[in-house]
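Let me begin by presenting the structure, written as structure tokens, before commenting on it.
The values are calculated or read from the model by the stated rules, or taken from the named source; none is laboratory data. Keep in mind that this is a model prediction, so the values were computed, not measured. Virtual Cβ from ideal backbone geometry, glycine too; neighbours counted across all protein chains shown. We work out accessible area using only protein heavy atoms, side chains counted, and drop any ligands, DNA or RNA first. Shrake-Rupley method; radii C 1.70, N 1.55, O 1.52, S 1.80 Å.
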Amino acid sequence: MTSEARRRAMTEAVAPATDVPPFRYTAALAGEIETRWQRYWQERGTFHAPNPTGPLADPDHPRAGAEKLYVLDMFPYPSGAGLHVGHPLGYIGTDCYARFQRMAGRNVLHAMGFDAFGLPAEQYAVQTGTHPRTTTEANIERYKAQLRRLGLAHDDRRSVATIDVEFYRWTQWLFLQIFNSWYDTDARRARPVAELVAEFESGSRPTPDGRPWAELDPAERRRIVDDRRLAYVSEAPVNWCPGLGTVLANEEVTADGRSERGNFPVFKRNLKQWMMRITAYGDRLLDDLELLDWPEPIKLMQRNWIGRSTGAHIDFPTAAGTPVRVFTTRPDTVFGATYMVLAPEHELVDALVPAAWPAGTKDAWTGGYASPRAAVEAYRKAAAAKTDVERQADAKEKTGVFVGAYATNPVNGAPIPIFVADYVLAGYGTGAIMAVPGQDERDWAFAEVFDLPIIRTVQPEEGFDGKAYTGDGPAINSAAPEHGLDLNGLGVTDAKARIIAWLEANGHGTGAVTYRLRDWLFSRQRYWGEPFPIVYDADGAAVALPESMLPVALPEVDDFSPKTFDPEDANSDPETPLSRRRDWVEVELDLGDGPKRYTRETNVMPQWAGSCWYELRYLDPTNAETFVDPVNERYWMGPQGEGDCGGTDLYVGGAEHAVLHLLYSRFWHKVLYDLGHVSSVEPYRRLFNQGMIQAYAYVDSRGTYVPAEEVVERDGGYFHGDVEVRREYGKMGKSLKNVVTPDDMCEVYGADTFRVYEMSMGPLEVSRPWETRAVVGAYRFLQRVWRTVVDESTGELRVTDTPADEPTRRLLHRTVDGVRGDMAGIRFNTAIAKLIELTNALTKLPATPREVAEPLVLMVAPFAPHIAEELWQKLGHAGSLAYADFPVADPALLVAESVTYPVQINGKVRGRIEVPADAAEADVRAAALEAVAGSLAGKEPRKVIVVPGRMVSVVA
RNA sequence: GCCGGGAUGGUGGAACGGCAUACACGGAUGUCUCAAAAGCAUCUGCCCGAGAGGGCUUGCGGGUUCGAAUCCCGCUCCCGGCACCA
């Protein structure tokens, strides 16, 4: 007995196939059809999209030179757990959209790659000793197999992974582009560093201290240039996470001061790290949001993250000689500044602190210390020891200490005490504020604690009984006639303008803009990431490797783990895995001035690096000369006319990347644009956030999760066997025992059914619960589609060449019209509902007219491509329908012959009339009144409204 | 606290200011069968009523309108983001 025969015998013993019609569309048949067509597509390269130039060009392709469409998914991190049914939702959505657009005549680029550097593979490597590459590549293969089974129409020649040396070679190249650039604030764009040096050399740009360039020594020159680079090394407060042994970007730290990955405490530490000058692009990242077709909430999140605020810098003179410069959005309230606050880390604090408390120091200001120095030291120490969580918990209660010195208010010469307090952040603005309790709630709270005066400088509205008044109103108490300054009576906006003009005229300050956005911390003390193409010379200065030395391959190491520490040990120091490979770190290179000893950078890039530009590599994945040929970039992503920013035509992914990936990627793209490497201003023109598929999980009384698939609902409760369990709702996960995989669904129903179900369960952008038992609805639908074409018992075609009857034909054209609109608008659930209605109408006919069967099959194809290909072939067509024309509705058949008008009396439907579509309004009115004559009971209607084609409304 | 998004049958969801509940799941009944499953057919928002029929219904309360799930105002609850940003 062959194994095949044995398997069949076993199957039959369990479920005798005796009376299942032999040609029914079953899961087994679906599986057979699906593998066959997947092989067909792969062998013929059906979904290869032709490039205009290069190795992927194909002038004979049916869509060569056609209108392009670039559809993109946020590429996945291939985790060891594999895919569950939630993951492919977006991928199926883009596939349906792409298949539709391809049939509608566009040249569609749709590919899938892998964001494959990252922490989990590295952590697994630390635990097991398995090389992260081994795990990651195995996971990628698993993902590919799972995705392949879904029948996604990707151009597989364009699949890339960020861990491929041929890919990260270009990531490193892009890093060098950024490193070798500076931001010209006058031209508002990045330019090569070489041009900056040329300007210094020629003298057209003065050096910072005015000495000629030629008189500076090499170290001074290098410092001047390095200070302007878009990628730079800085010793700055960073988020140090001892538990992970690495530093993290602001965006990777949660609101409660813990690491997004691993949930370890994060501490602020001054450490030398690589930074990206994303703040230089703050304005453009903000302004260009206008050009994007993105969901408004996502734009808003980016706006808030960038956090542009306009106001002024004001200098407050001090006895220390150097004035304290503050940033304020309310320069109009400067007359109300009754004290100042510096962040504990502010560099001027030490210079300001005197030996002893000055006369008149209030007890509350000293913190109980004998000298200002002791008080400040103690306060600093306490502030530094606070985690972000503690800072937030303490946010309501204002703390601080007087530094023992006064500053002078430049508008009226008033002496005002200077404090340090942790409610002022070192990293924002200038790290110092003028405190105006009358118009700021935080300052008011501080003033109450420290018994500081409060001066209102804006007249509150009538009836205002609060504390600080932040609304608009006329300025009061705001005049210094001796300085020619009077703001009194002006509204906030006018007062701001006048004070800024005064400050600038008198040299006390300037109008200014600051951002919440910080420069992007770009180095990680990990193993599994892109090495930097950077070495350090004998002086410790960073030197870029020339392009010819790329790629810098990630070396093998024995120990993949960075040194990790007690998660609470804030004073630990990072040690990278690469630093232990001394033979790799120490190299002799000839960088143009003879062989010298260098040490390599041992940090690696963060996981975001690869995802900052992968969409560009899909365009030209095999190009060895450049990261993407400009001709290919311009075709697929270039601006589509005046004022268009270019970019991908559709980008689908989860809203969780609203700021991280989407901001970083926009930043890199703009640098590339400035340097002339791409023609598009933005990487992703249209963004669509797909919802999440979540699932129920069930817990018993001990708090243990029970397998969700074994739970039954009865008597208004949920039971696992006899045990009542509690239902929870959330993500799918192994530990919650509620994972359902696409493989399961393909096994039981087939990929087409799974696809149709996911697309029909609701709008793509909405999150919703998974319900396995509802999948059968999609299965039944496809069975009915199958039956309209194929006789289940004979396998014969059920299709006739007799023309369709009028109602069926009209239904078809209405369906075509509706489905086209729904497909273009990404409303797949309603498109499928319309296809179901058409199919249900066909099943009632004795035979299916070919003129309906063919368009039905074509319209089903984007959702259920395998069964559609099979039926298309059975209908007598050779080859694939991937490039067949999507049906077009005949407008003449969309206008109804007769219309049913509901007739309302006082807003309630009391009758209906059926009239010819072209009936005159008066006739409709007459017919309507006659139809509801009974309900009116002889009363004369006060008013009759006829909405043509819609309804009749009678006011009685 | 601030900013976004949401709330429609038992469930997922339809509905240019114009017939609320399309389509699907679940449920009921029937058909086929020795039986069951699958498939197919009919019914299925809620309340009253034997029935004919009537009343009510889009989170809650107001408003605009001939007409509101949809527009406006005020609340409640749920989800997401930010959180001393001067």
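Please give the contour-minus-distance gain from A:Thr53 to A:Thr599: 0.36 nm per residue of separation, less the Cα-Cα distance, rounded to one decimal in nm. Mind dumping the intermediate values first?
Values: separation 546, 0.36 × 546 = 196.56 nm, distance 4.08 nm.
Contour length minus Cα-Cα distance gives 192.5 nm.
Summary of packing: across the peptides A:68-74, A:876-882, A:491-497, A:329-335, the per-residue average of other C-beta atoms within 10 Å ranks them, highest first, as A:329-335, A:68-74, A:491-497, A:876-882. Sequence-distant contacts, meaning Cα pairs under 8 Å at least 6 residues apart, place the relative contact order of chain A at 14 percent.
Label zone (A:Arg516, point 7 Å along Cα-to-C-beta; backbone nitrogen cut-off 16 Å) within region A:280-307: A:282-283, A:285-287, A:297-307.
To the nearest ten degrees, helix A:27-44 and the longest principal axis of the Cα atoms of chain A are 70 degrees apart. Under the rule a/c < 1.5 gives rounded, and otherwise a/b versus b/c splits prolate from oblate, where does region A:308-515 land using the Cα gyration tensor? Prolate, since a/c reaches 1.5 and a/b exceeds b/c.
In a shell of Cβ-Cβ distance under 10 Å around A:Pro78, excluding A:Pro78 itself, what net charge do Lys and Arg (+1) and Asp and Glu (-1) give?
Values: positive: A:Arg142, A:Lys144; negative: A:Asp115, A:Glu137, A:Glu141.
Residues close to A:Pro78 contribute a combined charge of -1.
Heavy-atom surface analysis with a 1.4 Å probe gives region A:680-818 a carbon and sulfur content of 49 percent of its accessible area.
Annotation for A:Glu851 and A:Ala774: the two label points, set 7 Å from Cα along the Cα-Cβ direction, are 3.8 nm apart. Using alpha carbons only, how many degrees (0 to 90, rounded to 10) separate the axis of helix A:296-306 from the longest principal axis of chain A? The answer is roughly 20 degrees. With the charge dipole of region A:792-890 set up from +1 on Lys and Arg Cβ and -1 on Asp and Glu Cβ about the Cα centre, the Cα lying farthest toward the positive end among the listed residues A:Thr830, A:Ala841, A:Pro887 is that of A:Thr830.
Hey, any idea what % of region A:107-241's accessible area is carbon plus sulfur with a 1.4 Å probe?
Here carbon and sulfur together make up 50 percent of the probe-accessible area.
To the nearest ten degrees, helix A:89-103 and the longest principal axis of the Cα atoms of chain A are 60 degrees apart. On a per residue basis, chain A carries 44 Å² of accessible surface, using protein heavy atoms and a 1.4 Å probe. Computed from the C-beta positions of A:Glu32 and A:Thr207 and an R0 of 56 Å, the FRET efficiency is 0.15 to the nearest 0.05.
How many angstrom separate the Cα center of region A:380-450 from the Cα center of region A:660-726? Taking the Cα centre of region A:660-726 as reference, the centre of region A:380-450 is 41 Å away.
On full extension, the segment bounded by A:Ala933 and A:Ala541 gains 131.7 nm, given 0.36 nm per residue less the C-alpha separation.
A protection proxy built from the mean count of other Cβ atoms within 10 Å ranks the segments A:543-556, A:82-95, A:686-699, most packed first, as A:82-95, A:686-699, A:543-556. Measuring nothing but how far apart in sequence close Cα pairs (under 8 Å, 6+ apart) lie, relative to its length, region A:141-235 scores a relative contact order of 25 percent. Length available on full extension from A:Lys908 to A:Asp60: 0.36 nm per residue minus the Cα-Cα distance, which gives 299.1 nm.
Solvent exposure of A:Glu441, expressed as accessible area, is near 120 Å², computed with a probe of 1.4 Å over the protein chains only.
Using the average count of surrounding beta-carbon atoms within 10 Å as a protection proxy, the listed peptides A:99-110, A:844-855 rank, highest first, as A:99-110, A:844-855. Approximating the spin labels as points 7 Å out from Cα along Cα→Cβ, the A:Glu837-to-A:Leu675 distance works out to 5.4 nm.
Report, in debye and to the nearest 20, how large the dipole of region A:166-217 comes out about its Cα centre when Lys and Arg carry +1 and Asp and Glu carry -1 on their Cβ.
Numbers: 6 positive and 9 negative charges, 55 e Å.
The calculation lands at about 260 debye.
Nearest 0.05, what FRET efficiency do A:Glu806 and A:Arg686 give at R0 = 35 Å with Cβ-Cβ as r? The formula returns an efficiency of 0.30 here.
Based on DSSP H segments of at least four residues, each scored -39500 (n - 2.57), chain A has a per-residue ellipticity at 222 nm of -9500 deg cm²/dmol. With the simple spin-label model, which puts each label point 7 Å out from Cα in the Cβ direction, the A:Ala319 to A:Gln694 separation comes to 6.0 nm. Which part of region A:867-900 falls in the paramagnetic zone of A:Phe23, meaning amide N under 14 Å from the point 7 Å along Cα-to-beta-carbon? From region A:867-900, the list is A:871-876.
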